[in-house]
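The values are calculated or read from the model by the stated rules, or taken from the named source; none is laboratory data. Bear in mind that the values here come from a model prediction, so they are computed numbers and not experimental data. Reconstructed Cβ throughout: ideal geometry from the backbone, glycine too, with neighbour counts over all protein chains shown. These area figures cover heavy atoms from the full protein model, side chains too; ligands, DNA and RNA do not enter into them. Shrake-Rupley method; radii C 1.70, N 1.55, O 1.52, S 1.80 Å.
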Amino acid sequence: MTQARTLAPSLFFCHNHFIAMTADSDILKAAQILRSGGLVVFPTETVYGLGANALDPSAIRKIYALKGRPTTSPLIVHVASIEQARALAADWPLEAERLARKYWPGPLTLVVPKKSIIPDDATAGLPTVGLRMPRHPVALALLREVGFPIAAPSANRFTQLSPTTAQHVREAFGDETPFLLDGGPCEVGLESTVIAVTPDGLEVLRPGMAFVEDAQEDKPDAATMQQLEDAHRSPGQHKKHYSPRTRVLLVSRGHLPRKGRGAYLWLAYNARAAFKQRMPQNADDYAAQLYATLHELDRQSFDWIAVELPPDTPEWAPIRDRLTRAAYE
Ligand code: AMP
Ligand code: MG
């Protein structure tokens, strides 16, 4: 990060009680790297992203290589505006326009038919593309500076926990960490809600902290689930995903394992454990803290991390989804 005195006043970003200082010159450098086909890490309000020019197939392949992500998993393409999204969509239904106007910039990804200008590498060969306009000021500044859409999955190795701070990214990639824009801790802290906009209506492919009424929760039966896994139709639908290295157990009513030294994240039922932490009672605050808490516990080599499963109500659904995947063995 560059010293404050070199910053233009417009580039002091106040973001959720955290004053992130990203220098003009850092944005320009990141833009230059993207233009020449390289990768950069940038903050969004959901999690940190590993970005490449979405219109450049060889840049996109670098994302898959660094993450170790199966090429069958499509990437989210980030845009600077609704107009830019429209220009990338082969079909932009009225529903897409309505949702974009209501939720953008913000943590909602819309899956719509793609134009051929978006390479198949970005969408795992699918005829659709997931589009999102983020609201983090650094992400928006970068998107505006480059002028092209930026494909970016979370900046972590495949199946591991998503990064919500710059430090998490450095821990994941070490010496291989690309040029990184530090925008402070992510405000939302969970990956975006993903909604497919289809002629049959709206389908939730991945729950997130943007709640879209009239969207059908996608709860496929076991056979369909298996097919989805096989097709990797949507990476958020991998059963194991978002996982720390330490074993995660979901518990209720304080029923912890008897063996081993563990950490317990609780909401309502306290219990004895080597380490305990009471989590926020409010889903937004819980989401914002969850990954940072798991990253931190993961460093402490516990035998297990037990997490009290939050209530089965709509506002906790995205958190239950990520916890269930983190605990999948
Ligand atoms: P990630 O970028 O790793 O946080 O995850 C990307 C998410 O985007 C996945 O969970 C998918 O649900 C979704 N996604 C992106 N593009 C598509 C697409 N064309 N079709 C379906 N889902 C998509
Ligand atoms: Mg990811």
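Run the Debye formula on the Cα coordinates of segment 88-131, all scatterers equal and no solvent, and tell me log10 I(q)/I(0) at q = 0.17, 0.18, 0.33 1/Å. Here log10 of I(q) over I(0) equals -0.46, -0.51, -1.13. Dipole of the chain computed with +1 at Lys/Arg Cβ and -1 at Asp/Glu Cβ about the Cα centre; of T72, S192, Q289, farthest Cα towards the positive end is Q289. For the pair L94 and Q167, the difference between a 0.36 nm per residue extended length and the Cα-Cα distance amounts to 22.3 nm.
Taken along its principal axes, the alpha carbon cloud of segment 27-138 reaches lengths of 36, 31, 21 Å, longest axis first. Taking every DSSP bridge with both residues inside the chain, close to 45 percent are antiparallel.
For the chain, take the longest principal axis of its alpha carbons; what is the angle in degrees between that and the long axis of helix 137-146, to the nearest 10 within 0 to 90? So the inclination is approximately 30 degrees.
What does a probe at Q32 reach in segment 127-169, counting residues whose amide N is under 15 Å from the point 7 Å along Cα→Cβ? Only 146 fall inside the zone, counting backbone N under 15 Å.
Placing +1 on the Cβ of every Lys and Arg and -1 on the Cβ of every Asp and Glu, with nothing else charged, gives the chain a dipole about its Cα centre of roughly 920 debye. Under Stokes-Einstein, with the Kirkwood radius over Cα pairs as Rh, the value for segment 40-89 at 4 °C and 1.567 mPa s is 107 µm²/s. Label zone (R245, point 7 Å along Cα-to-C-beta; backbone nitrogen cut-off 13 Å) within segment 264-299: 295-299. For the residue pairs K29/K62; K62/K115; K67/K259; K67/K114, the C-alpha atoms sit more than 29 angstrom apart in K67/K259. Taking Cα atoms only, the orientation of helix 94-103 departs from the longest principal axis of the chain by about 70 degrees. A prolate overall shape is assigned to segment 94-184, the ratio a/c of its alpha-carbon gyration tensor axes (a ≥ b ≥ c) being 1.5 or greater and a/b exceeding b/c. Counting every alpha-carbon pair across segment 283-329, the share separated by more than 11 Å comes to 70%. Close amide-amide hydrogen proximity is noted between A54 and I150, A151, each under 5 Å apart and 5 or more residues distant or on a separate chain (H modeled in the peptide plane; Pro and chain starts excluded).
The packing ranking of peptides 260-273, 154-167, highest mean first, is 154-167, 260-273, where packing means the average number of other beta carbon atoms within 10 angstrom of each residue. For the pair T71 and F158, label points projected 7 Å from Cα toward Cβ lie 1.1 nm apart.
When every Cα-Cα distance of the chain is counted in 10 angstrom steps from zero, the calculated P(r) takes the values 6, 26, 35, 24, 8, 1 percent. Look at where the Cα atoms of segment 40-70 and of segment 153-181 average out, and the two centres are 11 Å apart. In plain terms, the chain from D284 to R144 could stretch by 47.6 nm, reckoned as 0.36 nm per residue minus the Cα-Cα distance.
As a rough guide to protection, the peptides 80-93, 48-61 ranked by mean Cβ packing within 10 Å, highest first, stand as 48-61, 80-93. Give me the angle, in degrees from 0 to 90, between the Cα long axis of helix 283-298 and the longest principal axis of the Cα atoms of the chain, rounded to the nearest 10. Computed tilt is about 80 degrees.
Surface composition of the chain: carbon plus sulfur atoms contribute 52% of the solvent-accessible area (1.4 Å probe, protein chains only, all chains present). Using the Cβ-Cβ distance between K62 and L309 with R0 = 51 Å, the FRET efficiency computed as 1/(1 + (r/R0)^6) comes to roughly 0.85.
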